[in-house]
Every structure is written in structure tokens, then in C-alpha cells.
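Remarks on the structure that follows.
Where a number appears in this text, it was derived from the coordinates with a stated rule and is not lab data. Predicted, not measured: the structure shown is a model, and the values here were computed from it. Cβ coordinates were reconstructed from backbone atoms using ideal geometry, including for glycine residues, and neighbour counts include every protein chain displayed.
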Amino acid sequence: MINSDEFFVKLEEQIEKGFPFVAYRKPGIDENPEYVKALLQQDAATHKVADYSESGFVFSPFEVEKGAFIIPPESSEEIQTEYYFEEDHKDVKKVDPPFPPNQLRKQARVEHEDLVQKALDTIKEGKLRKVVLSRTESVQHQLKVIGIFKNMLKKYNTAFVYLWFHPATGAWLGATPETLLQVERNKFRTMALAGTQAFQESTDVEWGEKEKEEQQIVTDAILENLQELNSGAGSIKASKPYTSRAGNLLHLRTDISGTFHSNSFNLHDLIKALHPTPAVCGLPKEPAKKFILKNEGYDREFYTGFLGELNLKTETKRNSNRRNQENQAYVSISKQTSLYVNLRCIKLEAGVANLFVGGGITAGSNPSLEWEETVNKSHTMKAVLVK
Ligand SMILES: C=C(O[C@H]1C=CC=C(C(=O)O)[C@@H]1O)C(=O)O
């Protein structure tokens with residue numbers, strides 16, 4: 001454990017040297033949200049994932065076939081610090097930087113609404129049931145990359161918060177509420193997260209039919225894909241859908257977990273079965289992906305890809321006996337995979353932050369409400385770009 005000033009200086013030094021690194025904090029109060037970890041690669045080499053038997057921190061684009069990056073622990077220094085979430089930072093201010101100019105915003109609105117309308121027409125023709133459509137927005141920012149990362153850590157304690165830097169990808173940051181996959185031995189967990197409304201003081205809210213359906217499509221598709229993969233072996237459980245908060249937003253969420261018989265378990269197959277879920281792509285998967293690539297009109301790059309620890313050896317210290325006066329601790333070492341969907345993310349370029357926002361379109365969608373939803377989602381990122 002090093003102090004946080006030293007930790008952030010080390011990240012800055014990596015950027016100066018042009019060496020890849022990732023710094024991140026996992027979500028959840030019971031999983032020590034105050035620990036921020038980093039893997040600092042000791043050279044500028046590019047490592048790519050071949051078959052997911054590798055170990056390290058993986059960073060995959062939406063189109064996995066373009067190749068996922070990995071930072072391997074054996075070429076990296078691992079550091080850790082404590083950095084606290086600040087209660088008084090948790091309200092997400094509606095920050096609206098004066099950029100892009102109004103004219104461009106109007107144009108962006110028209111373009112997004114036209115795109116949604118095109119999806120609605122395709123849904124009506126029966127070619128798609130759901131498609132997730134997104135856009136990117138460029139915003140000027142006053143803070144340096146480390147300052148933006150600190151803001152994310154302070155504001156979003158229930159998200160997976162990260163800063164990734166690689167000379168081949170540039171700097172990406174995010175605070176994502178969505179787990180793609182967690183695996184320990186032959187147990188796994190995932191979630192179906194979809195449906196959005198603005199948070200207004202309470203998580204005890206009603207959901208419309210459109211949001212319920214949009215989320216149910218994600219749950220059903222995940223369960224179906226997992227069952228096919230598992231061919232009846234082991235068990236898969238799903239919770240009831242419930243409301244989950246992510247900054248200034250609320251989503252509908254179903255937790256899914258299961259076990260595989262160890263001999264039928266292959267991490268790569270599991271990832272292929274899940275990514276991209278209809279929470280970021282659509283249903284049926286292939287036509288939805290084609291629609292996105294053909295019509296969105298920009299390259300998603302790493303937005304709606306996934307990232308996180310892959311087969312990473314993790315030490316957990318536990319007290320062997322709480323009443324033991326000597327407070328003896330034992331260390332258990334396990335291989336962990338914790339992957340998250342890259343949502344609510346920013347790609348930083350000199351002076352400009354590119355934000356990525358999208359939403360699920362089904363037969364019940366309304367183009368202007370879909371635009372509003374992307375605007376609401378953009379506040380998650382805009383709020384960390386200012387002092
Ligand atoms: C695609 C995004 O969110 C997904 C995750 C949660 C809720 C969503 C929705 O309500 O449409 C999206 O499926 C995004 O934030 O850019």
C-alpha cells in the first residue's frame with residue numbers, strides 16, 4: 001500500500017513515458033471500495049489476448065474481432081492505495097459545458113432522433129426486436145486526466161471506476177454500473193441491466209412497460225445463451241428484476257449466477273456467449289450488430305466493449321479467528337476474473353473529452369425521449385470534467 005499522492009504521481013509518470021497502465025476500483029461496499037489498484041507496465045509493448053487463458057487486465061473493443069489489449073502482471077509493477085469516496089460528492093450536478101455550440105447540439109439531436117426512427121421502422125418490419133443505439137459527444141474540459149479520474153473515484157462508489165492508458169488506444173476513463181462476468185473457480189455471476197430513468201431522491205420507483213420489456217429481453221437472452229453453453233450441466237439462477245442506482249440514474253437489474261461442472265468450463269466460450277448482450281447490442285444479436293455498424297455513423301471503439309481482471313491471481317487476507325488475540329491472518333490466493341461492460345466512458349484527447357452514450361430501442365421507444373436519455377447519461381461524465 002502506498003499513499004495516494006505517490007500513487008497518482010506514478011500514474012502521471014507512466015503517461016510521460018508512454019508506458020501502458022490501468023488504475024481501477026471495483027464497485028461495492030463489501031468489497032473494499034476504497035482500494036484503488038494499478039498495473040504499471042514497465043515497457044511500451046502491446047500485448048493482445050489470444051484465447052482468454054492469459055492473465056492480466058483486459059481492454060476489449062465492442063467489436064472483439066478487432067482484438068483485445070491486455071496488460072500482463074509479469075511485465076508490470078502492481079501498486080495499491082486507499083482513496084475515499086466522498087459522501088458529499090455523490091450528487092451528480094447537471095453540468096452542461098458550453099461546448100459543442102447550440103447549433104451542433106440541435107444537429108446532433110436531429111441525427112439521433114432520425115437514427116432511432118430508422119430502428120423503429122426496422123423493428124416494425126419484424127427484422128429486429130431490440131437495438132441499442134448510441135452517439136458520441138465532444139466536450140471541452142479543464143482538468144488533467146488524473147484530476148478527472150479522482151473526481152470519478154470521489155463520486156461513483158457503486159460503479160467500476162477505471163483509467164486505462166495505452167499508447168495504442170490513448171486514455172480512456174469510465175464509471176460503469178454493469179458487470180459482464182465474474183468468475184471464481186467454477187462459479188460465475190453476471191447481470192441483465194437495462195431500462196433507465198433519472199434518479200429523484202428515491203429508488204422506490206415504478207417502471208413503464210417499455211423499460212420492463214427492454215430489460216426482460218436482456219435477461220432472457222443471457223439465460224438462453226448460458227443454458228445452451230451449459231447444456232443442462234450445473235445450475236443457473238436469476239433474481240427478480242430490481243431498481244439499481246448508478247449516479248444520477250436508475251436502471252432495472254437482474255442478477256444471474258451459476259455453476260459449471262469444472263470439466264465443461266471454458267472462459268472464452270462464456271465470454272462469447274455473453275458479449276455483446278442486448279444491453280449494448282440487441283436482439284437478434286447479429287442483425288442488431290449489423291444495424292449498429294451500418295447506421296450509427298461513428299466507431300464505438302472501446303465503448304460497450306468490456307474490461308477488467310482476467311485470471312488474475314488475487315490475495316485475500318482473512319483473520320483465521322476473530323477472537324484470536326494475536327490476530328493471525330491467513331492469505332488465500334485465488335484466480336479472479338471480473339469483467340465489466342465499458343459504459344459511461346470518456347476517451348480523452350488534448351483538451352477534448354469524447355463521451356459515449358446510448359440506449360435500448362424497442363417497439364415502444366419514442367425518439368425524443370431516447371435523445372433525452374442520452375443527455376441524462378452524459379451528465380455522469382460531464383460532472384467529473386469540472387473542478
Ligand atoms: C448503452 C448504455 O446503457 C445500457 C445499460 C443500461 C441501460 C440501458 C438503457 O436503458 O438503454 C442500456 O442498455 C449506455 O449507458 O450508453
Relative packing of peptides 5-15, 174-184 - highest average C-beta neighbours within 10 Å first: 174-184, 5-15
field: Cβ-based exposure ranking for R300, R185, in which fewest neighbours within 10 Å come first
entry: R185, R300
- prompt: Normalised by the number of residues in the chain, what is the relative contact order in percent for Cα pairs under 8 Å and 6+ residues apart?
  reply: 25
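Using a Förster radius of 35 Å, what is the FRET efficiency between S202 and E77 based on their Cβ-Cβ separation? Nearest 0.05, please.
Values: r = 44 Å, r/R0 = 1.26.
That pair, S202 with E77, gives E of 0.20.
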query: Which loop-located GluC sites (Glu not before Pro) does region 97-170 contain, where loop means any DSSP state but H, G, I, E or B and the Cβ has at most 13 other Cβ atoms within 10 Å?
result: E125
statement: With +1 at each Lys and Arg Cβ and -1 at each Asp and Glu Cβ, the charge dipole magnitude of region 4-382 around its Cα centre, to the nearest 20 debye, comes out at 360
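Highest mean first, what order results for 281-294, 160-173 on Cβ atoms within 10 Å? Spell out each step's value before the answer.
Working: 281-294: 17.7, 160-173: 20.9.
My ranking of the peptides, most packed first, is 160-173, 281-294.
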- request: Any chance you could check the Cα centroid distance between region 101-151 and region 261-308 for me, in angstrom?
  value: 19
field: Proximal lysine pairs, region 111-163, alpha carbons under 25 Å, eight or more residues apart or interchain
entry: 4
